[in-house]
Amino acid sequence: MSARIGVITFPGTLDDVDALRAVRVAGAEAVGLWHADADLKDVDAVVVPGGFSYGDYLRSGAIAALAPVMRSVVDRAAAGMPVLGICNGFQILTEAGLLPGALTRNEGLHFHCEDTYLEVEKTTTAWTSTFTQGQKILIPAKHGEGRFQATPETIEELEKEGRVVFRYTDNFNGSVNSIAGVSSADGRVVGLMPHPEHAVEELTGPSLDGLELFLSAVGSIAA
């Protein structure tokens, strides 16, 4: 049986269809999940995609983190289920307490939409096992609130424990230590601001580098 990977849709989600397609391109069964439904439909992993959940009216990701589906995700993540948060999904995971830190307004307060090179720092997560450490990957980014920040103690902990997964090579948004993505302590939960689901096919992406995250998850589930 193929891996079943769920993709959540919230009001204001923009990239759920793209994430579902990326899951299918990676050879897994794509399962749509609804924000108000606590049933995860027996999926093996979950993608929390990008967009502007609930319009970002309170704070990016803050309302979505309280949705019924996220309570189930938090419980399953505690049991080791792989979870990937992309852009707004990363913001949701920090608000839900699954990942540390916060994503704040970009340096200069501008919205950025550009392809950016990331350096892969950690290859032992459920979402990065097919990369090599130090590999440069080209991934689209589009956000206005992607500047990663955390207390000095948290930053020190992330660096010391090797939980920085991706770094920007250009750091266009001013993130602390150029951090573009981080993981949970067990490496099963990963969040990043750029959009790997937009780099899975030659026709539409600047590269195929984003596909590797989804292939890694499929391999992790099968292991």
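The values are calculated or read from the model by the stated rules, or taken from the named source; none is laboratory data. Values in this document were obtained by computation on a predicted structure and should not be read as measured data. Because the Cβ atoms are built from the backbone with ideal geometry, glycine has one as well, and the counts that use them run over all protein chains shown.
Scanning segment 1-34 for residues that are more than 16 Å from the chain's Cα centre (by Cα), surrounded by fewer than 20 Cβ atoms within 10 Å (Cβ to Cβ), outside any strand (DSSP E or B) and in contact (Cβ under 8 Å) with a residue 12 or more places away in the chain turns up Ser2, Pro11, Gly12, Val25, Gly27. The combined condition, being within 15 Å of the chain's Cα centre (by Cα) and surrounded by fewer than 21 Cβ atoms within 10 Å (Cβ to Cβ), is fulfilled by Lys142. Mind listing just one residue for me: the one in segment 35-58 that is in contact with a helix residue (DSSP H, G or I) (Cβ under 7 Å, 6 or more places away or on another chain) and among the aromatic types (Phe, Trp, Tyr) and, of those, farthest from Leu215 (Cα to Cα)? By that ranking, first place goes to Tyr54. The residue that is farthest from Leu138 (Cα to Cα), counting only those in segment 206-223 that are out of contact with any strand residue (DSSP E or B) (no Cβ under 9 Å at 6 or more places or on another chain) and not in a loop (DSSP other than H, G, I, E, B), is Ala222. Please indicate, with yes or no, whether at least one residue in segment 158-170 is touching a helix residue (DSSP H, G or I) at 6+ places or on another chain (Cβ under 6 Å), more than 25 Å from Ala78 (Cβ to Cβ) and buried (at least 22 other Cβ atoms within 10 Å of the Cβ). Yes, some residue in segment 158-170 is touching a helix residue (DSSP H, G or I) at 6+ places or on another chain (Cβ under 6 Å), more than 25 Å from Ala78 (Cβ to Cβ) and buried (at least 22 other Cβ atoms within 10 Å of the Cβ).
Only residues that are surrounded by fewer than 24 Cβ atoms within 10 Å (Cβ to Cβ) and either at pLDDT below 95 or polar (S, T, N, Q) (or both) were counted across segment 181-193, and they come to 1.
Residues that are modelled with pLDDT under 95, part of a loop (DSSP other than H, G, I, E, B) and β-branched (Val, Ile, Thr) occur in segment 194-205; there is at least one.
For beta carbons closer than 6 Å, sequence separation of 6+ or different chains, a first residue in segment 60-77 that is in a loop (DSSP other than H, G, I, E, B) and a second that is of a type in the set (Ser, Thr, Tyr) and surrounded by fewer than 17 Cβ atoms within 10 Å (Cβ to Cβ), there are no qualifying pairs.
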